[in-house]
Amino acid sequence: MIEREALTAAEAAAIFDALSQVTRLEAFRLLSRYHPFGLAAGDLARLLAVPHNTLSTHLGALQTVGLIRSRRDGRSVIFVCDPTRYAAAEAFLSQGQPKRRQCTPFSTLTSYPIKRPDDDMTDTPHNILILCTGNSARSILAEAIINREGQGRLRAFSAGSQPKGKPNPLALELLSDLGYDTAGLRSKSWSEFAGEDAPKMDVIITVCDGAAGESCPNWPGHPLVAHWGIPDPADVAGTPDQKRAAFQDAYRQLMNRTTALVNLPINKLTLAELKARIADIGRMEGATELTLSGKAA
């Protein structure tokens, strides 16, 4: 249950005034869809198609009234929306009014729905194969995320060139904690998807730099190939909490990319446009140097 602080009329007016400008409203709506993970400033600018200096001014206005907050993550600044502040503004409007049946307020939703292009639906989901060398951590996370968030539009599979035989326990633990069904997740060879009887893939996405540099099988159907390289959470040493934090960070980065992917009007894009858009998604916050260079795919 979100606790709603009591606002003065001046504070509530400042919040609604901040949201009365189109770019600020769209930025807040976008961050709400990425809650609680947030987005880097560069990704916000890219997704909203707004110059960095202009966006910085608008983000400052939203921060001033408490609608968003920021944190430093390495070289990036991550912005996150604060639903409690918006809930307080909603509550201010209803003070003193008789109780009546209402729709669930935006700010009380426990998870924010991803906006899907309704006119881009298809009876046949687009198949996506996620590859990494060991098929135990990043590709397993990505498979689970895409299948849940892209349900009805996207269907994900994962594999590896040198599968480790079973998913990383920390990956399964995290997914289970987040409500995913992990029963069908397994580490498997990419050869399963290279035969004539295998599901035909529309898109191949590599999530580790090692897999991006390997000689892949000849995939049936000549799918698009893109690279979403992010650091391997399984490589992080340290305490159990530090290792779990690395998996949580990988999950956040993959969730952000999946949200952007699900929002694409796939059926309205040419193959060249779709390839460019998927590659651009891979360059979101946390991308490896190989991904940013564009030399992987």
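Listed values, structure above:
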read-out: Residue that is touching a Cys at 6+ places or on another chain (Cβ under 6 Å) and either in a helix (DSSP H, G or I) or surrounded by fewer than 13 Cβ atoms within 10 Å (Cβ to Cβ) (or both), where the choices are 20, 32; value: 32
read-out: Test for residue 50: is it touching a Gly at 6+ places or on another chain (Cβ under 7 Å), closer than 30 Å to residue 278 by Cα and either modelled with pLDDT of 90 or more or outside the structural domain of residue 256 (by TED's automatic domain parsing) (or both); value: no
read-out: Residue within the stretch 87-109 that is under 29 Å from residue 284 (Cβ atoms), modelled with pLDDT of 80 or more and not assigned by TED's automatic domain parsing to the domain that holds residue 285 present; value: yes
read-out: For residue 209: the one exception among (1) over 19 Å from the mean Cα position of the chain (by Cα); (2) farther than 24 Å from residue 42 by Cβ; value: (2)
read-out: Residue ID - surrounded by the most Cβ atoms within 10 Å (Cβ to Cβ), chosen from residues in the stretch 127-180 that are acidic (Asp, Glu) and closer than 28 Å to residue 267 by Cβ; value: 143
read-out: Extreme residue, surrounded by the fewest Cβ atoms within 10 Å (Cβ to Cβ), among residues of the stretch 37-89 that are under 15 Å from the mean Cα position of the chain (by Cα) and part of a loop (DSSP other than H, G, I, E, B); value: 37
read-out: Qualifying residue in the stretch 268-284 (condition: surrounded by 16 or more Cβ atoms within 10 Å (Cβ to Cβ), free of Cβ contacts under 8 Å to residues at least 24 places away in the same chain and assigned to a helix (DSSP H, G or I)); value: yes
read-out: Per-region count, the stretch 43-64, residues in contact (Cβ under 8 Å) with a residue 40 or more places away in the chain and under 14 Å from residue 21 (Cα atoms); value: 2
read-out: Residue match in the stretch 137-145 (condition: modelled with pLDDT of 95 or more and outside any helix (DSSP H, G or I)); value: yes
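The values are calculated or read from the model by the stated rules, or taken from the named source; none is laboratory data. All of these numbers come straight from a predicted model, not from anything done at the bench. Counting neighbours? That spans all protein chains shown, and the Cβs are built from the backbone with ideal geometry, glycine included.
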